[in-house]
Amino acid sequence: MPGHISMVTAIDIGVLRVRKDGGWDSIALMGGFAEVEADEVTVLVNAAELGDEINSSIAEKEFEQAQSKVNQLEGQDNSTEKVKAKESLNRARARVQASKSI
């Protein structure tokens, strides 16, 4: 990444795609930080899973359960339980997306 400014930034829960041997690897990230320096990016995360190591059917079931929990709490204000449910939903979504990436 020549010409990029050095920086440190927060990473939300989501999917990182990495080019490797002419293909792409998908990794579900559970939040953390990234540092960009010259032509190098360093990623430090709370947890990560390689997409090809995630069972997509289990991940989909976990996503459906998390979505159901969020729906149950829909009428509530931002309670601690609702915040945790939304975070679980985001983690489950990242795992599903990483497991299905080609």
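What follows is calculated from the coordinates using simple rules that are stated; it is not laboratory data. The structure presented is a predicted model; accordingly, all values stated were derived computationally and were not measured. Note: ideal-geometry Cβ built from the backbone for every residue, glycine included; neighbour counts use all protein chains shown.
Values computed for the structure shown
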read-out	value
Rounded to the nearest 20 debye, dipole of the chain from Cβ charges on Lys, Arg, Asp, Glu	340
Helical contribution to [θ] at 222 nm, DSSP H n ≥ 4, -39,500 (n - 2.57), averaged over the chain, rounded to 500	-12500 deg cm²/dmol
Estimated inter-spin distance, Asp52 and Glu64, nm [label 7 Å along Cα→Cβ]	2.8
J(HN,Hα) series, the stretch 4-17, from Karplus relation 6.51 cos²θ - 1.76 cosθ + 1.60, nearest Hz, glycine and proline x	7, 6, 5, 6, 10, 9, 7, 10, 7, 5, x, 10, 10, 10
Along each principal axis, Cα extent of the chain, largest first, Å	48, 29, 17
Extension gain, Asp21 back to Asn71 (0.36 nm per residue minus Cα-Cα distance, nm)	13.8 nm
Lysine pairs in the chain with Cα atoms under 16 Å, if 8 or more residues apart or on separate chains	6
